[in-house]
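Worksheet for the structure shown next.
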Amino acid sequence: MNRPIDNQHVLEINALPSPRAIKTKLPITDEAAALVVETRDAIRRILHGRDRERLLIIVGPCSIHDPEAAYEYAARLKPVADALRDRLLIVMRTYFEKPRTTVGWKGLINDPHLDGTCDIATGMELARTILLKINQSGMPCATELLDPISPQYIADLISWSAIGARTTESQTHRELASGVSMPVGFKNGTEGSLQVAVNAMTSARTPHHFVGINAEGQTAIIRTAGNPDRHIVLRGGGGKTNYEAEHVAKAEAAVAGEGIARPIMIDCSHDNSNKDHKRQGLVARDVLRQFREGRNSIMGLMLESNLNPGKQSWKQGVTLAHGVSITDACLGWDETAALLNELADSITTKPA
């Protein structure tokens with residue numbers, strides 16, 4: 001029988017350089033490594049209640065498609081983060097992989113040239129280059145873990161990570177979260193289900209065995225110890241918000257058994273803003289009010305922000321405006337800076 005019975009719909013299989021090869025080409029510096037360790041520890045102190053004064057703020061572009069714009073954003077964010085560090089721990093969103101409900105641009109790792117060529121080898125190297133440069137500038141980085149292979153290439157440069165609404169229910173991503181070295185936030189489901197995030201937290205704290213790759217890029221059996229640093233991210237869903245006090249209280253009760261002091265982050269975008277980027281400030285102010293009134297289970301906020309506000313449509317061959325999102329609409333820089341300062345100024349200093 002000459003007719004093939006496997007890979008019938010596969011057009012091509014190309015080897016990807018191993019994680020070790022890319023890390024050898026783009027090694028982490030001592031300065032970047034120190035920043036990652038310091039930031040992860042600072043997030044853990046907030047998460048587990050050893051730092052009750054500050055909020056963690058994950059802020060930055062919905063997705064990165066232009067390295068130069070990302071560097072410019074980091075350069076603007078760094079002095080703000082330094083000035084507000086006694087009240088806010090600010091970490092920059094550096095999202096390189098985008099889940100799609102149907103089809104669309106899947107992110108810089110998948111399609112770095114924005115032309116449909118899907119040069120993943122270049123995209124992986126470019127993502128690591130961007131993370132290195134931003135960390136070396138003194139700005140820690142956050143991302144969403146989407147492809148289970150990608151962390152082997154870039155996770156050493158990530159201080160906080162999310163498991164998104166579309167993948168929180170995925171066993172693969174729960175196993176992945178059980179082994180990564182940074183704190184992980186699980187978003188509620190796209191339709192608003194809180195239970196899938198609670199289940200994910202429970203799963204990720206336990207040891208797992210699963211198939212992955214090692215530093216040489218070989219298929220390997222990965223054995224994990226479980227991740228103690230997990231929390232929930234409320235992002236709304238099904239066209240409804242869930243940042244209000246009653247929803248936060250419900251989430252707090254749902255994860256009370258996890259023994260985590262501050263297990264709740266609020267995503268001010270997505271359904272919580274009714275997908276209107278201009279409403280993110282309204283959501284953030286309401287959440288801060290809850291925090292000031294004693295809802296200490298709140299650990300922080302997520303904001304989608306770029307150099308310039310709104311979003312633009314990506315079309316092959318069309319010149320893109322500088323610093324404008326090609327995925328979700330974002331706050332512009334001026335409004336972002338003003339909002340961060342307002343949030344910091346509004347945090348009540350608590351007695352020692």
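The values are calculated or read from the model by the stated rules, or taken from the named source; none is laboratory data. Since this is a predicted model, take the numbers as computed values, not measurements. Reconstructed Cβ throughout: ideal geometry from the backbone, glycine too, with neighbour counts over all protein chains shown. Calculation scope for accessible area: heavy atoms of the full protein, side chains included, ligands and nucleic acids excluded. Shrake-Rupley method; radii C 1.70, N 1.55, O 1.52, S 1.80 Å.
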Practice task
Examine segment 157-177 for a residue that is hydrophobic (A, V, I, L, M, F, W, C), open to solvent by 10 Å² or more (accessible area, probe 1.4 Å) and closer than 30 Å to LEU77 by Cβ, and state whether such a residue exists.
Solution key: yes
Fill in the blank from the handout: Looking across segment 271-319 at residues that are in a loop (DSSP other than H, G, I, E, B) and of a type in the set (D, E, K, R), the single one that is most open to solvent (accessible area, probe 1.4 Å) is LYS275
Practice task
Please name all residue pairs, on different chains or six or more residues apart, with Cβ atoms under 6 Å, provided the first residue is in segment 20-46 and is closer than 25 Å to MET299 by Cα and the second residue is assigned to a helix (DSSP H, G or I).
Solution key: ALA32/ASN135; ALA32/GLN136; LEU35/ASN135
Practice task
Scan segment 232-245 and give yes if some residue there is part of a strand (DSSP E or B), open to solvent by 20 Å² or more (accessible area, probe 1.4 Å), in contact with a Gly (Cβ under 8 Å, 6 or more places away or on another chain) and modelled with pLDDT of 95 or more, otherwise no.
Solution key: yes
Exercise for the section: May I ask you to verify whether THR224 is closer than 28 Å to PRO140 by Cα, polar (S, T, N, Q), surrounded by 15 or more Cβ atoms within 10 Å (Cβ to Cβ) and at pLDDT 95 or above? Expected result: yes
Handout entry: Answer from GLU125, GLU175 - the residue that is touching a residue at least 60 places away in the same chain (Cβ under 8 Å), over 20 Å from THR39 (Cβ atoms) and part of a helix (DSSP H, G or I)
Key = GLU125
Practice task
Would you check which residues across segment 197-221 are in a strand (DSSP E or B), open to solvent by 30 Å² or more (accessible area, probe 1.4 Å) and either closer than 17 Å to MET182 by Cα or free of Cβ contacts under 8 Å to residues at least 12 places away in the same chain (or both) and list them?
Solution key: VAL211, THR219
Completion exercise
Out of (1) under 23 Å from THR167 (Cβ atoms); (2) in contact (Cβ under 8 Å) with a residue 24 or more places away in the chain; (3) open to solvent by 20 Å² or more (accessible area, probe 1.4 Å), the one LYS106 does not meet is (2)
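For segment 246-259, how many residues are crowded, with 20+ Cβ neighbours inside 10 Å and either assigned to a helix (DSSP H, G or I) or touching a Leu at 6+ places or on another chain (Cβ under 6 Å) (or both)?
3
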Problem - Single unsatisfied condition, ALA142 versus (1) outside any strand (DSSP E or B); (2) touching a Phe, Trp or Tyr at 6+ places or on another chain (Cβ under 7 Å) - result: (1)
Problem - LEU47 vs. criteria modelled with pLDDT of 95 or more, within 18 Å of PRO228 (Cβ to Cβ) and either within 17 Å of the chain's Cα centre (by Cα) or exposed (fewer than 12 other Cβ atoms within 10 Å of the Cβ) (or both) - result: yes
Problem - Residues being open to solvent by 20 Å² or more (accessible area, probe 1.4 Å) and either out of contact with any helix residue (DSSP H, G or I) (no Cβ under 9 Å at 6 or more places or on another chain) or outside any loop (DSSP other than H, G, I, E, B) (or both) - total across segment 260-270 - result: 1
Exercise for the section: Kindly list the number of the only condition in (1) in contact with a Pro (Cβ under 8 Å, 6 or more places away or on another chain); (2) under 19 Å from LYS23 (Cβ atoms); (3) open to solvent by 20 Å² or more (accessible area, probe 1.4 Å); (4) not in a helix (DSSP H, G or I) that fails for GLN152. Expected result: (4)
